[in-house]
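*Asks:* The following block contains the structure, expressed as structure tokens.
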């Protein structure tokens, strides 16, 4: 019995250490430079180069960088389809939409194909970019705690500055909310 208690004690310490090292407490603030990254991606060839998106390559364009928990789940599908439906208007204004989750490229390809998503989906399988942007957080679902990507969005201007953040996103109607912010900030 004592050995089991000791193992449990060590396991709890290891989990606490991992959580401390991997749960992001970073918060990207408005009016600060957007952290640069490169991630594998699927989507339009004018944005995805050699199977990747490098944020710095998009300077000169307004970018909507939205993080979502998982492909093919109800809320994420609703949000993605909202951006799909608004994408033509966003493209007219020179806005690039990028969706990011921890799903792999194969999952993104199926998700994009199933729902006709024309904007790039980026694969952050090691969650390094999610951690960099402070969206890798402890979540609670049905009383179970786990780590995952939080639904958050960053509006980045042509100079690479974060102009607006949404840390609590309602999937339905979010794309319209982003377009309103683009207009209010004069980012087109």
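*Asks:* What FRET efficiency comes out for the pair residue 36/residue 144, r = Cβ-Cβ distance, R0 = 35 Å, nearest 0.05? Intermediate results must be reported in sequence, preceding the final value.
*Replies:* Numbers: r = 34 Å, r/R0 = 0.98.
For R0 = 35 Å, the calculated efficiency reads 0.55.
*Asks:* Which of 153, 165 comes first, and how do the rest follow, when ranked by fewest Cβ neighbours within 10 Å?
*Replies:* So the residues, fewest neighbours to most, are 165, 153.
*Asks:* Right, here's the next one. Under the rule of -39500 (n - 2.57) per DSSP H run of 4 or more residues, summed and divided by the residues of the chain, what mean residue ellipticity at 222 nm is obtained, to the nearest 500 deg cm²/dmol?
*Replies:* Mean residue ellipticity at 222 nm (helix-derived): -11500 deg cm²/dmol.
*Asks:* Starting with the fewest neighbours, write out 89, 180 ranked by other beta-carbon atoms found within 10 Å of each beta-carbon. Write out the running numbers ahead of the final one.
*Replies:* Details: 89 14, 180 10.
Neighbour counts put them in this order, fewest first: 180, 89.
*Asks:* Mind computing the radius of gyration and Dmax over the alpha-carbon atoms of region 95-188? Å is fine for both.
*Replies:* 14.5, 43
*Asks:* Ok, one more. Could you check the simple spin-label distance between residue 27 and residue 125, using points 7 Å along Cα→Cβ, in nm with one decimal?
*Replies:* Calculated label separation equals 3.3 nm.
*Asks:* Using only the Cα atoms, work out Rg/Rh for region 71-125, with Rh taken as the Kirkwood radius, to two decimals.
*Replies:* So for region 71-125, dividing Rg by the Kirkwood Rh gives 0.96.
*Asks:* Round to the nearest 10 and give me the degree value, 0 to 90, for the angle of helix 2-22's Cα axis relative to the longest principal axis of the chain.
*Replies:* Its long axis makes an angle of about 20 degrees.
*Asks:* Just to be sure I understand: of the beta bridges DSSP finds with both ends in the chain, what percent are antiparallel, rounded to 5?
*Replies:* Numbers: 23 of 32 bridges.
Close to 70 percent.
*Asks:* I'd like the orientation of helix 74-92 relative to the chain: the angle between its Cα long axis and the longest Cα principal axis, in ° from 0 to 90, rounded to 10.
*Replies:* The answer is roughly 30 degrees.
*Asks:* Cut-off 20 Å, label point 7 angstrom out along Cα-to-Cβ of residue 180: give me the residues of region 29-52 whose amide nitrogen falls inside.
*Replies:* Within reach of a label on residue 180: 30.
*Asks:* Rounded to whole Å and sorted largest first, list the principal axis extents of the Cα atoms in region 26-185.
*Replies:* Sorted from largest, the Cα extents of region 26-185 read 43, 33, 29 Å.
Every number in this text was worked out from the coordinates using simple rules, so none of it is lab data. Computed from a prediction, not measured in an experiment: that's the story for all the values here. With ideal geometry, Cβ positions are generated from the backbone for all residues, glycine too; neighbour counts draw on all protein chains shown.
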